[in-house]
Amino acid sequence: MLSVNPKMLPRLDEIEEDLLARRKRAVAEDWQGEIEGIDLTLNFLPSKRAQTNRFQRVGTVDLGLPHARPHSHRSDRSD
């Protein structure tokens with residue numbers, strides 16, 4: 001699942017408006033598969049907004065860059 005940049009929250013509103021218009025047309029044309037797909041997307045939008053708002057409040061966490069561990073020249077095997 002992709003995360004949404006908090007700056008893009010207004011874009012989610014635009015997407016929702018577009019989906020509602022597309023759903024209205026799909027109902028008028030009796031496109032059942034399209035209606036199901038749109039409904040599924042519409043169901044996920046509120047959780048995506050909530051997730052984005054949560055991330056915005058928490059901020060980002062810097063985990064740093066991974067570093068290679070130095071090689072040990074000692075052998076733990078007994079031959």
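The values are calculated or read from the model by the stated rules, or taken from the named source; none is laboratory data. Quick caveat, the model's predicted, so the values are computed rather than measured. Please note: Cβ atoms are built from the backbone with ideal geometry, for glycine as well, and neighbour counts cover all protein chains shown. In case anyone asks, the SASA skips ligands and DNA or RNA and just uses the protein heavy atoms, side chains included. Shrake-Rupley method; radii C 1.70, N 1.55, O 1.52, S 1.80 Å.
Tell me the carbon and sulfur percent of the accessible area for segment 1-60, rounded to whole percent, probe radius 1.4 Å. Carbon plus sulfur share of accessible area: 55 percent. Between the listed residues 45, 27, 63, the Cα displaced farthest toward the positive end of the dipole of segment 23-63, a dipole computed from Cβ unit charges relative to the Cα centre, is found at 63. Taking the Cβ of residue 5 as the center, what net charge do the other residues with Cβ under 13 Å away carry, scoring Lys and Arg +1 and Asp and Glu -1? Charge balance in the 13 Å sphere: +4. Placing +1 on each Lys and Arg Cβ and -1 on each Asp and Glu Cβ, with no other charges, gives segment 4-43 a dipole about its Cα centre of roughly 160 debye. Within the shell defined by Cβ-Cβ distances under 12 Å, the residues around residue 29 carry a net charge of +2, with Lys and Arg each +1 and Asp and Glu each -1.
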